[in-house]
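Values quoted throughout were computed directly from the atomic coordinates according to the rules given, and no laboratory measurement underlies them. Computed from a predicted structure; not experimentally measured. As a convention, Cβ positions derive from the backbone with ideal geometry for all residues, glycine included, and neighbour counts pool all protein chains shown.
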Amino acid sequence: MTMTETVWREVREQLGDRGKIEVLIGIPTFNNAKTVEPVVKAVTAGISKVCPRASVLVVNADAGSQDGTPEIIKQAAGPDYPTAFVQHLAGGFLSGPISLHALSESGVPGREHAFRAFFTVAEELQVKACIVIDANLRSLTSDWMEILLRPVIEQGVDYVAPLFRRARYEGSLTNCIIYPLSRALYGKQMRYQTGCGYGFSGKLASLYLAKNVWEGEAAHYGIDSWLTTVAVAEGCEVSQGFLGTKIHDGTLNGIELSLLLAQAVGALFHLMEGYQDVWEGSTGSSPVPQFGPPYEPGPEGAAVNVERMVRGFQQGLRDLLPIWEIILAPETLDGILSLGLVEAEEFRFPAALWVQTIYDFALAYHEKALHREHLLKSLTPLYLGRTASLILETREGIPEDVERVIETLCETFERMKPYLTKRWRFS
Amino acid sequence: MSTLWQEAMLEAFHETSLRIAHLLPKLMALLTFLALGLAAGWLVKLFFLRVLRAVRFDALCERFGLGSSLAKTGTNQSPSHLIGRLSFWLVFLLFAFMGIDALDLRATANMMSLIIAFFPEMLAAVLLLFFGMLLANFIAEAALIATVNAQIQEARIIASFIRWGVLIFTAAMVLTQLGIAKEIVVAAFSIMFGGVMLALAIAVGLGGQTIARDVLEQRLRRRKVEKVEKDNISHI
């Protein structure tokens, strides 16, 4: 019996004869007793406002909590909202040559198994909408349902991605690589922020299930790294929902940066292989609908140690040069070598050179020029260099300056896309 | 007198002719084996080159860092070409030994049976060497990237240590497999490994007690400070 069959059998036994279910609320958990009760209450309150007559099912996929999380969910949901519980193996299916551990801010190990369980139940029940909410959230309000659920139920949107107000340089990996590269590839101006809450249509849930992303190489990358890309590349009706400030228990800050980078960028490069036909022909980009209050840049964040970032770049230049020689085109390498001569305060990583660097890495990944995990991790010092450059360029200005630099970078990615497509064809 | 001289001459001529007649087919056999060895070696080389090219062996070696390691040793040939050449010489030598065996010389008696008996050991040793080199490069590359990303200044030294450690271990295994000075290799390896560990223990535990304490303190303190610095922004 496959994993999906087991999940559906478990849920069906718990549900009995409930009739038609229209909305599925998925809550992946792992020892979230402290935060899960207000999360469930806010979700149910939000649903009663958005679609009071809809039949709703709350599914909790738990990774083996020892603090009674499932029982708290059952109590918090109350008699009006039927609940079903599934247990999944935390990361038990991940093994292979690439030892990247799927990471997530939710703190739930094997989070992709939880999502797979939700999508399975959503498909079997033919639901209209499926909302997935993290249980470690502290900033969730009932208004989130208005943003994540209503567009799916009433406007036929397939996917609502989360969008948060973040401190000035937060999410720089997303802003320097994931967002501009994805935008240039697939032509949609999604900010590619991840975690906390998503809204899916039933159709998209079935599409995810059918995609070859649950096993093999793709399964080594965290689910948050590819949810948005798959929805965009498949041509679904995508949108973003501004959810305010993200406050949650647990963080990825303690995790090694190179591992984070390998996860996020690796997923993107991996999907480029499968969606070549989609991105090769796409030019320019267009905005996507946004729900909730208008997006605004975040406030000033904590001070960032730029010197340490520049030192990281310079050490990479000194020690990883033989590896970069394999990955980068000679002209890109020349440009990067010249950056090593600049003083830390005057350090600037030009946007065009950065774009060329990322495209070279994508091509080297495609050509398997180097072991893929090594290739992805060797990008870390270059990324530190680019982030340091962004900070040095904008730290004296206003928060909007960062947005302006990111926008310029995105346009450079779009303008230089032929550099990638031409070389991709001949590799 | 002349009859005796004639007889001696004829006998010597007869014996030499017989010896030559006896040796000629063997020489012919040697030449034939050499010619066959050249042809078979060339065919085997061609076969290996085709197969290795089909499975993109050079790209695979490049991915594991073997290509760059070969380049560092001054070899300007690709790994598939090297394997092709090796296979040519192996096949040619096999045929050459058959030819020498066919000469039926006392000095080379039983050589073929000895070589054939030694062949599996040699093959295992070659494979050990190949995979040892791959492993050494792979682990050293992973260590280099990890230490650079952790901003450890001694990244290259650490990676070199790891590469040479694995290579020395591989060399010891290869020599043991070939049965060359087995006891000496094992003893030398044990002494060297034990010596390095003992030296490190003495250096850290006794000789460099104060330095070690200072270094550890500095490192731990710096790490504490850096952790705060690292946690300043969330990258994703």
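In the range A:274-391, the inverse of the mean reciprocal separation of distinct Cα atoms equals 16.4 Å; this is its Kirkwood hydrodynamic radius.
For the range B:1-109, a Kirkwood hydrodynamic radius built from all Cα pairs, placed in the Stokes-Einstein relation at 25 °C and 0.890 mPa s, yields a translational diffusion coefficient of 140 µm²/s. Each of A:T2, A:T408 has some number of other Cβ atoms within 10 Å of its Cβ, and from fewest to most they run A:T2, A:T408. Axis of helix A:257-274 versus longest Cα principal axis of chain A: the two differ by about 80°, to the nearest ten degrees.
Please compute, for peptide A:379-387, the average count of beta-carbon atoms on other protein chains lying within 10 Å of each residue's beta-carbon.
What the average comes to for A:379-387 is 2.
Computed about its Cα centre, the charge dipole of the range B:1-109 is approximately 860 debye, with only Lys, Arg, Asp and Glu carrying charge at their Cβ. The 3J(HN,Hα) values that the Karplus relation (6.51, -1.76, 1.60; θ = phi - 60°) gives for the range A:381-387 are, in residue order, x, 5, 4, 4, x, 5, 5 Hz. Gly and Pro appear as x. Among the residues of B:136-146, the average count of other protein chain beta-carbon atoms within 10 Å of the residue beta-carbon is 4. Overall, chain B carries a charge dipole of about 1120 debye about its Cα centre when +1 sits on the Cβ of Lys and Arg and -1 on the Cβ of Asp and Glu, all other atoms neutral. The 3J(HN,Hα) values that the Karplus relation (6.51, -1.76, 1.60; θ = phi - 60°) gives for the range A:153-169 are, in residue order, 6, 9, 10, x, 6, 8, 8, 10, 8, x, 9, 10, 8, 10, 4, 2, 10 Hz. Gly and Pro appear as x.
Remark: C-alpha extents of chain B on the principal axes read 111, 47, 27 Å, sorted largest to smallest. As I understand it, the value is the acute angle between the Cα axis of helix A:3-15 and the longest principal axis of the Cα atoms of chain A; what does it come to in degrees, rounded to 10? Taking the Cα atoms of chain A, the angle to A:3-15 is about 30 degrees. Return one number: the angle in degrees, 0 to 90 and rounded to the nearest 10, between the long axis of the Cα atoms of helix A:399-415 and the longest principal axis of the Cα atoms of chain A. Its long axis makes an angle of about 80 degrees.
For chain B, a Gaussian network of Cα nodes joined below 10 Å ranks B:G195, B:G132, B:G37 by mean-square fluctuation, and the top entry is B:G195. Counts of other chain beta carbons within 10 angstrom of each beta carbon in peptide A:315-327 average 4. From its DSSP helices (H runs of at least four residues, each -39,500 (n - 2.57)), the protein assembly as shown gives a residue-normalised ellipticity at 222 nm of -20000 deg cm²/dmol. A simple rule links phi to the HN-Hα coupling: the Karplus curve 6.51 cos²θ - 1.76 cosθ + 1.60 with θ = phi - 60°, which for the range B:194-200 gives x, x, 4, 4, 5, 4, 4 Hz, with x for Gly and Pro. Around the amide H of A:G241, modelled in the peptide plane, lie the amide H atoms of A:A161, A:L163, A:F291, all under 5 Å away and 5 or more residues distant in sequence or on another chain. Extent of the range B:119-180 along its three principal axes (Cα atoms, max minus min coordinate, largest first): 47, 16, 9 Å.
Under a Gaussian network description of chain B, with springs only between Cα atoms under 10 Å, the residue in B:S113, B:S17, B:S160 that fluctuates furthest is B:S17.
If you average 1/r over all unlike Cα pairs in chain A and invert the result, what Kirkwood radius do you get in angstrom? Across chain A, the inverse of the average 1/r is 22.3 Å.
Sort A:53-60, A:351-358, A:337-344, A:221-228 for me by packing, meaning the mean count of neighbouring Cβ atoms within 10 Å per residue, highest on top.
Taking the mean over residues of other Cβ atoms within 10 Å, the ranking is A:221-228, A:351-358, A:53-60, A:337-344.
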